[in-house]
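Comments concern the structure below.
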Amino acid sequence: MGLYGIVHFMNANSADDHKLPDAIVLRLLDEVAKEPTVSQRALSDRLGIALGLVNAYVKRLRRKGHLKITTLPRNRISYLITPKGFAEKATLTYRYMDISLNYFKSARQIIEHVYASLLADNCRRILLWGDGEMAELCYISTRGLALEIVGVVSHSANGHDFFGKPVISPDMLDGLQFDAVLIASGDDVFNRLAYEFVSDRDKIHSLDSDRMELL
């Protein structure tokens, strides 16, 4: 997911403590809709949560009337999303899209504010730290501005490019000319590497993390 705060926002705004985290419920319903006989171990891998949690989610969805479970030969299970479950899935999908659109709109405004500050400081050549969705939005937001993305830093640089720009690892900064580094990643561990590999720390800029978390 993603971007900094969408999943966190959805989970934090559940109606009550007993409600399942919306993002996980939506993904689980998506998976069983695509593959009704999917195993719980496969769901665990796809959702990135513990096997025991998958079992708990499935049981609670069943109790809520969102899923029906049928036992098949050879100890296999088939999931059927009920009409009530499809209604819940549609509601969560709409909510996710609405939150996502509002998030991107607000994020774009924050990025434009940062770019205005960089331009005021005569920073033209920008190095993006991160190659995920937020970095993509940062790149798109340079259009029409006197800014150039000169490169992108990723912890998984493997020779691919980013909108035609080179993707490099943190240890490949030598010789690259840039006026500013813009942190565009939600990975705090990776972001801290910028302060190890960028010799002039005054060049490092970040999006307002407090405001991003509130989106």
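The values are calculated or read from the model by the stated rules, or taken from the named source; none is laboratory data. Being a predicted model, the structure only gives us computed values, none of them experimental. Methodologically, a virtual Cβ is constructed for each residue, glycine included, from the backbone with ideal geometry; neighbour enumeration extends over all protein chains shown.
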task: Return yes when Val150 is crowded, with 16+ Cβ neighbours inside 10 Å, β-branched (Val, Ile, Thr), assigned by TED's automatic domain parsing to the domain that holds Ser199 and out of contact with any Pro (no Cβ under 8 Å at 6 or more places or on another chain) and no when it is not.
output: yes
- prompt: Based on what the data block shows, is Ile110 more than 20 Å from Met134 (Cα to Cα) and touching a residue at least 12 places away in the same chain (Cβ under 8 Å)?
  reply: no
- line: Counted residues in the stretch 92-110 being of a type in the set (Val, Ile, Thr), more than 15 Å from the chain's Cα centre (by Cα) and either outside the structural domain of Leu61 (by TED's automatic domain parsing) or closer than 24 Å to Ile183 by Cβ (or both) come to 1
- line: Within the stretch 21-60, the count of residues that are within 14 Å of Gly85 (Cβ to Cβ), free of Cβ contacts under 8 Å to residues at least 40 places away in the same chain and among the hydrophobic types (A, V, I, L, M, F, W, C) comes to 2
- prompt: Could you list, in sequence order, the residues of the stretch 75-113 that are hydrophobic (A, V, I, L, M, F, W, C), in a helix (DSSP H, G or I) and surrounded by 13 or more Cβ atoms within 10 Å (Cβ to Cβ)?
  reply: Phe86, Leu92, Ile99, Phe104, Ala107, Ile110, Ile111
- line: When every residue in the stretch 65-94 that is among the β-branched types (Val, Ile, Thr) and in contact with a strand residue (DSSP E or B) (Cβ under 9 Å, 6 or more places away or on another chain) is compared, the one nearest to Leu29 (Cα to Cα) is Ile81
- request: Please state which one of Asp161, Asp179 is touching a helix residue (DSSP H, G or I) at 6+ places or on another chain (Cβ under 8 Å), over 22 Å from Ser100 (Cα atoms) and of a type in the set (Asp, Glu).
  value: Asp179
query: If a residue has to be modelled with pLDDT of 55 or more and either touching a His at 6+ places or on another chain (Cβ under 8 Å) or not charged (D, E, K, R) (or both) to count, how many in the stretch 1-45 make the cut?
result: 18
field: When residues of the stretch 156-185 are limited to those that are among the acidic types (Asp, Glu) and assigned to a loop (DSSP other than H, G, I, E, B), the one surrounded by the most Cβ atoms within 10 Å (Cβ to Cβ)
entry: Asp179
